[in-house]
Amino acid sequence: MPSQWDSTNRQWRDGTPIRYVCTAWGDLARNATESLVDGSAVLIRGRVSGVKDDAIWLSVDDLGLSLRERIAYTEAGLPGPGAAAPVSPPPAPQHAAQETPQPATRRPGSPPGWWDDRRSSNWSRPSTSKAADASPLRVGS
């Protein structure tokens, strides 16, 4: 929903909602069905195919999940399912007089240790030119 500045009250107010009817086909439609839930913020790249019934109709070429409010893990960004299994601590040395603290195990499904290291460093993925063509939308709006 677009926001508008109300100069009389000196605050933002919600504008008139804009309805988008998006049509996707084939693998894109199947993947969107498996990946998205109602209310997910998405970015759409496609063509306006019509304006009718107070809605903008779009033919979708590509879509992606907005990362403004969440972190998304992809198959390419994480190792296989075996890497998410709990890590067992190394065996304690037999000659140690004191007990040394063991490293904490990661919960199944949590990102691997290198993920936290990468997020805390200054690493960033270069942007692509296609991102400039994307428009933010909400699924189910």
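The values are calculated or read from the model by the stated rules, or taken from the named source; none is laboratory data. Keep in mind the model is a prediction, meaning the values are calculated, not measured. Here the Cβ positions follow ideal geometry from the backbone for every residue, glycine too, while neighbour counts run over all protein chains shown. We work out accessible area using only protein heavy atoms, side chains counted, and drop any ligands, DNA or RNA first. Shrake-Rupley method; radii C 1.70, N 1.55, O 1.52, S 1.80 Å.
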_Restricting the range 36-58 to residues that are open to solvent by 70 Å² or more (accessible area, probe 1.4 Å) and in a loop (DSSP other than H, G, I, E, B), the residue that is farthest from Arg70 (Cα to Cα)_ = Asp53
*Are there any pairs, at least 6 apart or on different chains, whose C-beta atoms fall under 6 Å, with the first in the range 74-91 and at pLDDT below 70 and of a type in the set (Asp, Glu) and the second outside any loop (DSSP other than H, G, I, E, B) and open to solvent by less than 80 Å² (accessible area, probe 1.4 Å), and if so, which?*
none
*Take Thr16 and decide whether it is over 22 Å from Glu75 (Cα atoms) and not in a strand (DSSP E or B).*
yes
*Would you mind finding the one in Thr33, Thr16 that is out of contact with any strand residue (DSSP E or B) (no Cβ under 7 Å at 6 or more places or on another chain), open to solvent by 100 Å² or more (accessible area, probe 1.4 Å) and under 17 Å from Pro2 (Cβ atoms)?*
Thr16
*Name every residue in the range 1-22 that is closer than 17 Å to Asp54 by Cβ and hydroxyl-bearing (Ser, Thr, Tyr), in order of residue number.*
Thr16, Tyr20
